[in-house]
Amino acid sequence: MKITVLDGYAANPGDVSWDAIRALGDFTVYERTPIEKVVERIGDSDIILLNKIKITKEIVSQCPNLKYIGVLATGYNVVDTAACHEKGIVVTNIPSYSTEAVAQHVFAFILEFANHVAAHSDSVHAGDWIKNPDFCYWLSPLTELNGKTLGIFGFGHIGQKVAQIAHALGMNVLVHVHSEKSFTGGEKTVTTEALFSQSDYITLHAPMTKETANLVNEKTLALMKPSAILINTARGGLVDEAAVRKALDGKKIAGYAADVVLNEPMNADCPLYKAPNCLLTPHIAWAPKETRERLLGIATENLKAFISGKPINVVS
């Protein structure tokens, strides 16, 4: 079996091991692959692994030896699964590997807005505490999370983990789910309108679909409290970025935090670039070493299962 990794750097910049996958065949890793070299680098590979490389119908048609595509992520929208199904190519993903890490990142954002740790640390290192006449000072209001309401849009594995942490901090939790008929959790479910209007913090955990595209827009933002904070660690396309920038500039909401934007890497003309009261991280919520080790472990099991003729985590 010839195995080729097309963009290995994101999942493994060198701090974790490919050895378990390497042992399964003739193995090659490319850190990054430009679109014009995708077909060439796939070549006669039986198996390819990728993260964000787009595999289109045209690419599939030019790679007759290809039998398996392993997406090194949960989302697999980069692959034309219909074209793969037509050609008998198995496509798998990595489900639920980043639950703990993403939930942790959500609260890194929430706690930064509540306590402003970075700003106060910078102030101290700038000498402000040395010059201060009092034993303490604060640069902006500090917020206690106990008793605040967290609205969670989407209640899969990550949403459920976020709720668990919120309860530990004494927060009230509201949830919006796609279908209340299939909802078995113990949280209070509400409409989208109620979630946006009643929450002090809102965190998005829904997949990117036609129904959820631009879920956050001028209408839903107008429902939010001026003191409310919005957090997006899901997909950039859930948010109308221009509408969020307008709300931040007009102080219609208190803050926005995101680990994702519509176009990644970020474009210089992204409306969120240098926006006030806006925390942005470069799609790293999934990236702790432990999380990436788990990802590659699941990828290895996916590949072993395919080779044995009993594929798992199949999405096409």
*Measuring with a 1.4 Å probe in the full set of protein chains, what accessible area per residue, in whole Å², belongs to the range 197-316?*
49 Å²
_Accessible carbon and sulfur surface of the chain relative to its total accessible area, %, 1.4 Å_ = 54 percent
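If a helix is a whole DSSP H run, which ones in the chain reach 20 Å or further along their own axis (Cα) and hold a mean Kyte-Doolittle hydropathy of at least -1.0? Kindly include the intermediate steps, with their values, before the conclusion.
On the way: long enough: 99-115 (24 Å, 0.85); 289-307 (27 Å, -0.31).
Flagged H segments are 99-115, 289-307.
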*State to the nearest 20 debye the size of the charge dipole of the chain about its Cα centre, where the only charges are +1 on K and R beta carbons and -1 on D and E beta carbons.*
420 debye
_I need the calculated FRET efficiency for the pair GLU86 and LEU223, taking r as the beta carbon distance and R₀ as 51 Å, to the nearest 0.05._
0.70
_Mean accessible surface per residue for the range 72-124, computed with a 1.4 Å probe while every protein chain stays in place, in Å²_ = 42 Å²
*Using 1/(1 + (r/R0)^6) with R0 = 25 angstrom and r between the beta carbons of SER197 and GLU144, what's the FRET efficiency to the nearest 0.05?*
0.70
_Size of charge dipole - the range 1-41 - debye, nearest 20, with Cβ of Lys, Arg +1 and Asp, Glu -1, no other charges_ = 100 debye
*Describe numerically, in nm with one decimal, the distance between label points set 7 Å from Cα along Cα→Cβ at LYS251 and at ILE165.*
3.0 nm
*Given +1 on the Cβ of Lys and Arg, -1 on the Cβ of Asp and Glu, and no further charges, what dipole in debye does the range 23-160 carry about its Cα centre, rounded to the nearest 20?*
260 debye
*So what does GLU290 come to for accessible area, using a 1.4 Å probe and Å² rounded to 10?*
120 Å²
_Rounded, prolate or oblate (a/c below 1.5 giving rounded, otherwise prolate when a/b exceeds b/c) for the range 180-299 by Cα gyration tensor_ = oblate
*asked:* Could you sort the peptides 294-303, 150-159 by per-residue average Cβ neighbour count (10 Å cutoff), highest mean leading?
replied: 150-159, 294-303
*Would you mind classifying the range 56-193 by shape? Square roots of the alpha carbon gyration tensor eigenvalues, ordered a ≥ b ≥ c; an a/c under 1.5 is rounded, otherwise it is prolate if a/b is larger than b/c and oblate if not.*
oblate
_Shape category assigned to the range 1-62 from the gyration tensor of Cα positions, a/c cut at 1.5_ = oblate
*Compare the Cα positions of ASN146, PRO133, ALA163 along the charge dipole of the range 81-219 (+1 at Cβ of Lys, Arg; -1 at Cβ of Asp, Glu; about the Cα centre) and return the one farthest towards the positive end.*
ALA163
_For the chain, set up a GNM with springs between Cα atoms under 10 Å and report which of ASP80, ASP46, ASP269 has the largest fluctuation._
ASP269
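The values are calculated or read from the model by the stated rules, or taken from the named source; none is laboratory data. Note that the structure is predicted; figures quoted are calculated from it, not measured. Note that we place each Cβ from the backbone using ideal geometry, even for glycine, and neighbour counts take in every protein chain shown. Accessible surface is based on the protein model in full, side chains and every heavy atom, while ligands, DNA and RNA are left aside. Shrake-Rupley method; radii C 1.70, N 1.55, O 1.52, S 1.80 Å.
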